[in-house]
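Okay, structure first, notes after.
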Amino acid sequence: MSSLLVDNIGELVTNGTGEGPLGIRRDAAVLVEEGRVVWVGPSAYAPAADRRLDAGGAAVLPGFVDSHAHLVFAGDRAAEFAARMAGEPYTGGGIRTTVGATRAATDDELRATVRRLRGEALRQGTTTMEIKSGYGLTVADEARSLRIAAESSTETTFLGAHVVPAEYADRPDDYVELVCGPMLAAAAPYAKWVDVFCEQGAFDVDHARAILAAGQAAGLGVRIHANQLGPGPGVQLGVELDAASVDHCTHLSDADVDALAGTAHSDGSGTRTVATLLPGAEFSTRSPYPDARRLLDAGVTVALATDCNPGSSYTSSMAFCMALAVREMRMTPAEAVWAATAGGARALRRDDIGVLAPGARADLVVLDAPSYLHLAYRPGVPLIHQVMRNGVTP
Ligand code: NIG
Ligand code: FE
């Protein structure tokens with residue numbers, strides 16, 4: 001069994017024991033064996049190891065956990081982005097454009113896109129990435145989207161209820177029946193989660209409840225696109241169904257915030273349902289940002305994710321999302337880093353990632369900077385010096 005010591009870490013973010021909410025340790029080292037962290041402590045007391053990785057006094061963090069991404073698609077919508085920047089609103093209507101391109105693509109074309117984007121994210125420090133279907137919207141196209149997603153992630157999500165496809169436009173009830181029946185049956189073997197875009201123009205609360213409940217009955221965990229384009233019942237439906245995460249949360253009422261706060265664990269460790277904020281979407285649709293401060297002050301656990309997709313947020317950069325969260329959403333740099341690591345893990349109901357402590361997966365990033373603060377302080381700068389996933393530096 002070979003061991004690896006990541007040594008000479010100037011500032012180690014553990015999200016476990018250490019100083020402050022990020023559990024910071026200085027002059028630290030991390031010992032890795034068989035893809036797991038087995039020891040964390042002061043460099044001066046580090047055990048012997050077969051190999052050594054010198055962090056050069058830089059900052060080391062848990063790898064980023066991107067808990068919301070739509071990577072299985074074909075084509076791009078750069079022209080739609082340009083039109084928005086010239087004043088057009090975002091309505092979600094472009095989803096159908098991507099559905100057409102995705103249905104026309106070969107498996108290999110879809111696979112190449114997923115791999116390219118997953119690789120792009122990994123080089124930027126993302127060691128776990130959730131991947132959704134949702135641009136196939138036929139039984140066969142949703143199943144193949146998830147089959148291809150599952151080649152690149154264990155965190156796969158069935159989003160057959162992304163929009164009602166054009167051929168079902170005047171009979172949405174029939175489409176919901178298809179999603180709950182044969183489409184779910186074909187998708188479930190490759191999916192861990194079920195998701196619905198609960199929004200005006202997509203799925204109403206009754207359709208969303210039926211689809212999420214069917215997914216739950218098939219053994220999938222629940223997550224939901226909620227309250228993105230306007231106020232609505234999505235967040236409260238998520239809480240009702242014990243969703244791991246309600247995503248977007250751009251337009252929340254006091255009752256929505258209260259409902260999320262009401263899922264708090266009794267040990268003070270935050271809420272069972274996480275609010276996942278996706279500031280790349282507000283950036284790319286020129287929309288008002290969600291109020292992270294309001295959620296955090298109410299005790300709601302917050303995650304940050306990219307929403308990487310060709311329509312509303314074509315970024316794979318968690319660092320960019322953290323910078324936006326700090327500048328535009330009143331999160332502190334420490335809150336943003338926590339939300340992009342431990343928060344993402346919580347949104348996936350995982351305790352083996354997003355943290356650097358004995359037993360956790362050896363997923364970490366070495367920055368080209370002395371402190372995690374630089375992630376928001378130096379926006380747009382490639383600060384990821386090295387990435388380790390499962391104890392391996394790819
Ligand atoms: O999360 N809101 C729904 N789905 C995506 C957008 C997808 C698209 O525009 O293609 C989102 O923003
Ligand atoms: Fe999304």
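The values are calculated or read from the model by the stated rules, or taken from the named source; none is laboratory data. Please read these numbers as outputs of a predicted model, since none were measured by experiment. Cβ coordinates were reconstructed from backbone atoms using ideal geometry, including for glycine residues, and neighbour counts include every protein chain displayed. Accessible surface areas use protein heavy atoms only, side chains included; no ligands, DNA or RNA. Shrake-Rupley method; radii C 1.70, N 1.55, O 1.52, S 1.80 Å.
Among the residues of the stretch 221-263, those that are away from ligand 2 (no atom under 16 Å from the Cβ), among the charged types (D, E, K, R) and under 24 Å from Glu155 (Cα atoms) comprise Glu240, Asp242. Picking from residues in the stretch 65-94 that are touching a Leu at 6+ places or on another chain (Cβ under 9 Å) and not in a loop (DSSP other than H, G, I, E, B), the one that is farthest from ligand 1 (Cβ to nearest atom) is Val65.
Closer than 17 Å to Ala69 by Cβ, touching a Gly at 6+ places or on another chain (Cβ under 6 Å), open to solvent by less than 10 Å² (accessible area, probe 1.4 Å) and among the aliphatic types (A, V, I, L, M): which single residue out of Ile224, Ile148 fits that description?
Values: Ile148 fails: touching a Gly at 6+ places or on another chain (Cβ under 6 Å).
One residue alone meets the criteria, Ile224.
Listed by first and then second residue, the pairs with beta-carbon distance under 7 Å, at least 6 apart or on different chains, first residue in the stretch 308-325 and free of Cβ contacts under 8 Å to residues at least 40 places away in the same chain, second within 16 Å of ligand 1 (Cβ to nearest atom) and open to solvent by less than 10 Å² (accessible area, probe 1.4 Å), are Ser313/Leu278; Ser313/Gly280; Ser313/Ala281; Ser313/Thr306; Ser313/Asp307; Thr315/Gly280; Thr315/Thr306; Thr315/Cys308.
Scanning the stretch 264-317 for residues that are open to solvent by less than 10 Å² (accessible area, probe 1.4 Å), more than 15 Å from ligand 2 (Cβ to nearest atom) and part of a helix (DSSP H, G or I) turns up Ala292, Leu295. Checked against (1) among the aliphatic types (A, V, I, L, M); (2) closer than 21 Å to Leu71 by Cα; (3) open to solvent by 10 Å² or more (accessible area, probe 1.4 Å), Val196 meets all criteria but (3).
Yes/no matrix, rows are residues, columns are (1) within 20 Å of Leu348 (Cβ to Cβ); (2) of a type outside the set (A, V, I, L, M, F, W, C); (3) out of contact with any helix residue (DSSP H, G or I) (no Cβ under 6 Å at 6 or more places or on another chain):
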| residue | (1), (2), (3) |
| --- | --- |
| Ala191 | yes, no, no |
| Asp195 | yes, yes, yes |
| Glu199 | no, yes, yes |
| Phe203 | no, no, yes |
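Apart from one condition, Glu34 fits all of (1) open to solvent by 50 Å² or more (accessible area, probe 1.4 Å); (2) modelled with pLDDT of 95 or more; (3) touching a Gly at 6+ places or on another chain (Cβ under 8 Å); (4) under 30 Å from Val139 (Cβ atoms); the exception is (4).
Residues that are open to solvent by less than 10 Å² (accessible area, probe 1.4 Å), over 15 Å from Thr276 (Cβ atoms), modelled with pLDDT of 95 or more and not in a helix (DSSP H, G or I) are absent from the stretch 206-218. Which of the residues spanning the stretch 122-147 are more than 15 Å from ligand 1 (Cβ to nearest atom) and either within 18 Å of the chain's Cα centre (by Cα) or assigned to a strand (DSSP E or B) (or both)? Hits for the stretch 122-147 are Leu122, Arg123, Gln124, Gly125, Thr126, Thr127, Thr128, Leu146.
Pairing residues of the stretch 247-261 that are within 12 Å of Gly230 (Cβ to Cβ) and modelled with pLDDT of 95 or more with residues that are within 16 Å of ligand 2 (Cβ to nearest atom) and open to solvent by 50 Å² or more (accessible area, probe 1.4 Å), at Cβ distances under 9 Å and at least 6 apart in sequence or on separate chains, gives His248/Leu229; Thr250/Leu229; Thr250/Tyr289; His251/Leu229. Of everything listed in (1) among the small types (Gly, Ala, Ser); (2) open to solvent by less than 30 Å² (accessible area, probe 1.4 Å); (3) more than 21 Å from the chain's Cα centre (by Cα); (4) under 30 Å from Gly311 (Cα atoms), the single unmet condition for Gly63 is (3).
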